[in-house]
1. In straight Cα distance, which lysines are under 19 Å from Lys695, not counting same-chain residues fewer than 8 positions off?
2. Pairs of alpha-carbon atoms within less than 8 angstrom and 6+ residues apart define the contacts here; what relative contact order does the chain have, in percent?
3. More than 27 Å apart: what percent of Cα pairs in segment 586-707 qualify?
4. How large is Rg/Rh for segment 452-600, to two decimals, with Cα atoms and a Kirkwood Rh?
5. Taking only Cα atoms, what is the 0 to 90° angle, nearest 10, from helix 2-22's long axis to the longest principal axis of the chain?
6. With just the Cα atoms of the chain, tell me how far they stretch along each of the three principal axes, in Å, largest first.
7. Can you give the FRET efficiency for Val360 and Lys60, using 1/(1 + (r/R0)^6), R0 = 35 Å, r = Cβ-Cβ distance, to the nearest 0.05?
8. For helix 272-285, what angle does its Cα long axis make with the longest principal axis of the chain, in degrees from 0 to 90 and rounded to 10?
Amino acid sequence: MKKSFIPLLLLFLLCFHFVEAQQRSVSGVVISGDDKEPIPGVSVQVKGSTTGTVTDLDGKFTINVPGPEAILVFSYIGYQAQEIAAGSRSTLDVTLNEDVRQLSEVVIVGYGEQDRKTLTSSISSVSAKDIENLPMPSTDQMMQGRAPGVLVSANSGTPGGGMFVRVRGSTSINADNDPLYVVDGIPIVSGNQSAIGLGGSTANSMADINPADIESIEILKDASATAIYGARAANGVVLITTKRGKSQKAKVSIGSYVGTQSAWRLPDLVDGPTFEMLRNEAAVNNGGQPIYANPENAHSTNYGELVFRDAPIRNFDVSVSGGNDQIRYLVSANDFDQQGIIAPSDFSRRTGRLNLDAFVSDRIKVGTSILYSRNIRNRVTNDDNIAGALGGAHFFPSNLPPFQEDGSYTKFSIFENPIAVVNENDISMVTNRVLATVYGEFEFFPGLTLRSTFSVDYNNIKEDRYINTLLNAGAAVNGDASSIVTVNDNWIQENVLNYQTNFGGRHDLSILLGNTLQESTFERTSAFGQQFPSNDFRRIASAAVQTSSSSGSAWGISSFFTRVNYSLDKKYLFTVNMRRDGSSRFGAANRWGTFPSAAVGWRISEEAFFTKGKLVSDLKLRSSYGVTGNQNGINDFQSRGLWRGGANYTITPGTEPSQLANPDLRWERTAQFNIGVDLSMFNDRMTVVLEYYDKQTTDLLLAVPVPRSSGFTSIFQNFGAMENKGFEFMIAGSPIVTKDFTWDVNFNIAQNRNNIKRLAQPIPVYNRDIIRMEEGIPMYSFWMHEQLGVNPETGAPIWRTMEEGREFDPNIDRFIVGNAWPDFFGGITNTFRYKNFDAVIFFQYSYGNDQLFWNRFFQEHGGTRNTNFLASQLDRWQQPGDITMVPKMTNANYAANLRPSRFVEDGSYLRLKNISIGYTLPGSVASKLGMSSARVYVSGQNVLTWTNYSGMDPEVNSTASTATTQGVDFFGMPQPRVFMAGFNITF
């Protein structure tokens with residue numbers, strides 16, 4: 001027996017040794033393909049067995065596998081599962097990509113969130129994932145080209161400057177057309193708060209927010225989505241949600257980039273010899289003698305080059321986030337500096353944020369969001385300002401040197417020496433801003449919660465300007481100083497009761513009830529001084545002549561709102577909103593307004609007759625109709641008859657009426673119809689959204705002319721109508737998804753047709769009435785003398801007249817020759833990932849928009865001025881037979897009362913707006929370096945632009961401070977071309 005047992009024992013030990021040799025340990029790290037962060041709690045399973053484990057807080061795992069044939073399955077909610085052969089490896093790092101289908105199911109809506117598949121509203125989303133690898137200085141730039149129907153363009157390249165944002169067109173003339181911005185539930189101040197006018201330049205309040213703090217941006221577009229915000233939602237609503245802490249180990253994230261900026265195109269001005277040659281030609285054509293004896297020997301200064309510079313940009317972000325089941329936190333800080341490509345403009349931002357959520361019990365949750373932002377702008381006088389550096393660079397004759405022999409600045413006529421403007425400019429704006437909210441949430445029982453919040457948006461802006469005696473404006477008064485302090489203080493208190501339930505397994509019902517109280521207080525104190533002893537004394541206390549003033553105002557709003565969502569079998573969908581607002585801005589009889597909306601949806605793909613397949617996985621038809629309002633853009637007491645002081649007689653104080661009363665003044669109302677189709681194909685790998693909308697605005701808040709015998713020129717009334725109609729199309733998908741390579745693409749295109757339907761009388765706008773508003777035409781329409789060509793025999797311009805055959809009369813024969821609205825606009829985003837490399841290429845485009853290059857009016861002057869010329873003057877008619885649009889250089893052809901339509905150019909463009917290429921360290925390498933993830937990248941903005949526009953930037957609007965203008969380029973600082981390099985590290 002013993003002899004027979006020994007061989008069996010040896011055989012058993014041999015087999016055990018063989019199995020032991022085959023089974024081994026495999027370790028690794030699982031990270032997210034989105035943010036390269038470790039993912040705790042990932043299930044790691046040996047396929048076909050019960051052997052498994054989960055990743056720890058650092059995303060690490062260790063598992064025993066039976067042999068090289070073993071397959072490891074990695075799965076986690078919200079991510080695409082992966083199956084990977086163990087092979088002979090002992091170390092295995094895994095990247096899980098987000099499951100677009102799961103992540104796209106939830107979207108932020110007003111006062112809550114909703115399943116996208118059952119959403120009946122029109123909402124476009126921009127997530128942190130969409131823009132995380134594209135560094136941007138301000139929040140509103142994140143929306144440009146990424147949301148169909150949302151037209152976003154930069155007013156200029158001024159650091160911290162304003163943006164033009166329109167959601168489905170412009171709905172008003174005298175009231176505001178900007179969307180309502182809501183940050184973490186706070187309706188914030190978003191417009192220009194600068195008190196010192198610098199031509200068309202504006203300051204962008206949205207630049208106060210650190211873009212790295214943002215988790216998502218939702219743009220509410222149709223009335224079903226916006227009516228919950230009622231009186232302020234006619235122009236759309238932008239919901240901005242910031243990042244919050246999660247239940248995980250403390251995570252430290254650091255990001256930084258540095259770069260350089262330059263002008264991608266410079267002013268196309270003539271040199272000194274050419275300037276003198278053109279001036280001589282004009283003099284001779286006018287019957288005089290040449291002005292310059294030897295033009296070929298003229299001095300030449302390229303002022304267009306001298307005022308521009310290569311400017312640095314840098315950014316540093318740090319955040320700490322984490323938490324547990326009781327408390328979650330995120331603390332972040334930002335340090336951002338951007339110099340402008342024209343000195344001394346710059347913008348610096350310092351921010352600190354705390355987002356905190358505490359779970360006091362199973363039923364009570366409290367928290368806060370606090371942002372402190374301090375910004376400093378050094379501003380310049382460009383953009384619609386002939387006294388700025390760009391104005392001087394264009395007007396100053398190129399045959400003049402910038403300095404005299406004694407080192408002093410060269411003087412010329414009334415125009416500022418552009419080098420003096422660059423060197424002597426002294427205009428600052430310091431903003432201290434606090435955005436804060438505290439909330440408490442109580443759950444009465446599962447499904448019923450009450451959330452109460454109190455929020456503030458406090459803005460303190462201090463502006464200082466000193467115009468010294470080396471500049472013309474300062475020399476005239478021996479120094480000119482201004483100091484203005486503005487305080488804009490807003491508070492809002494909201495209570496929202498939310499009930500959600502499902503009954504019968506088929507019926508989903510949610511009911512929301514809420515109320516809001518808000519008050520906004522505005523105060524401004526100004527001091528001015530002139531006649532200073534020297535430029536070394538710049539405080540107003542040193543001025544011989546001192547004046548001051550103060551002003552203030554306030555408004556309040558009280559609101560009640562409700563929303564009901566119901567779905568049957570998640571197939572038949574219904575949404576009803578109602579908001580009632582009362583505003584102090586309107587008369588007692590019309591103080592309250594009601595803003596309802598309703599929407600329906602039908603998920604056709606859930607019907608029994610619809611056969612789902614690989615081609616179509618989800619199909620939904622939805623439609624909505626509702627009414628929203630507009631109270632912004634008018635004075636706080638516009639309905640009342642007001643008096644003001646200061647009407648003094650010698651030393652006796654007096655008052656005078658300042659405004660006619662209109663107790664019947666009421667809200668602007670915008671009714672919107674929307675119909676849309678949502679389609680998912682190829683197992684949700686491709687999504688298509690198609691929408692059509694019709695917005696009708698009535699009761700425009702309009703300054704209507706009144707007889708001068710009243711002592712006033714106008715009174716605000718509800719008069720006029722406007723419409724916007726358009727379509728939107730978006731297609732997004734992942735054409736290629738493999739183990740090592742993915743390609744995601746998003747394309748959107750939109751069209752908006754704006755039309756003024758009713759107006760008391762035509763309204764001329766801006767300098768020399770070059771923009772006109774009247775019935776039957778769009779806003780931002782150019783009203784010019786329509787030039788049909790140039791007579792090839794005489795060189796005289798050929799003009800269109802009202803009556804064929806009649807002689808041209810510049811006082812009568814003016815026409816609408818185009819408008820700034822594009823025929824269509826949108827963007828294309830391509831995202832590529834190959835192993836640890838990633839690339840984002842984003843194109844933004846606009847087609848069919850007209851751009852008025854107003855510089856040409858002043859620099860293509862035909863010799864009627866003694867200022868410099870644009871190079872376009874060289875295309876002038878010179879001899880019989882010449883075919884051109886630029887007339888012969890005579891005074892008659894360039895009369896001051898002419899507004900030639902040749903200055904209205906095609907502003908269409910395609911711009912490589914952003915490109916970023918990055919590399920992420922493998923998880924195992926990052927771990928050895930003490931990091932959970934690390935990425936380095938290079939990036940470019942405004943890299944390439946394809947356009948026929950002859951100005952420096954087809955996107956700018958130099959007259960942004962005049963709200964009724966768009967598409968005017970008049971000495972506007974162009975957007976810079978930017979190249980950057982940076983990194984993102986997480987510990």
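No lab work stands behind these numbers, since they all come straight from the coordinates. Nothing here was measured: the structure is a model prediction, and the numbers come from that model. In this analysis, Cβ positions are derived from the backbone assuming ideal geometry, glycine residues included, and neighbour counts consider all displayed protein chains.
1. Lys221, Lys725, Lys757
2. Numbers: 2804 pairs, mean separation 114.8, N = 987.
Reported relative contact order: 12 percent.
3. 51 percent
4. Numbers: Rg = 26.8 Å, Rh = 20.2 Å.
Checking Rg against Rh, the ratio lands at 1.33.
5. 0 degrees
6. Principal axes ranked by extent give 135, 71, 64 Å for the Cα atoms.
7. On the way: r = 33 Å, r/R0 = 0.94.
That gives a FRET efficiency of 0.60.
8. 40 degrees
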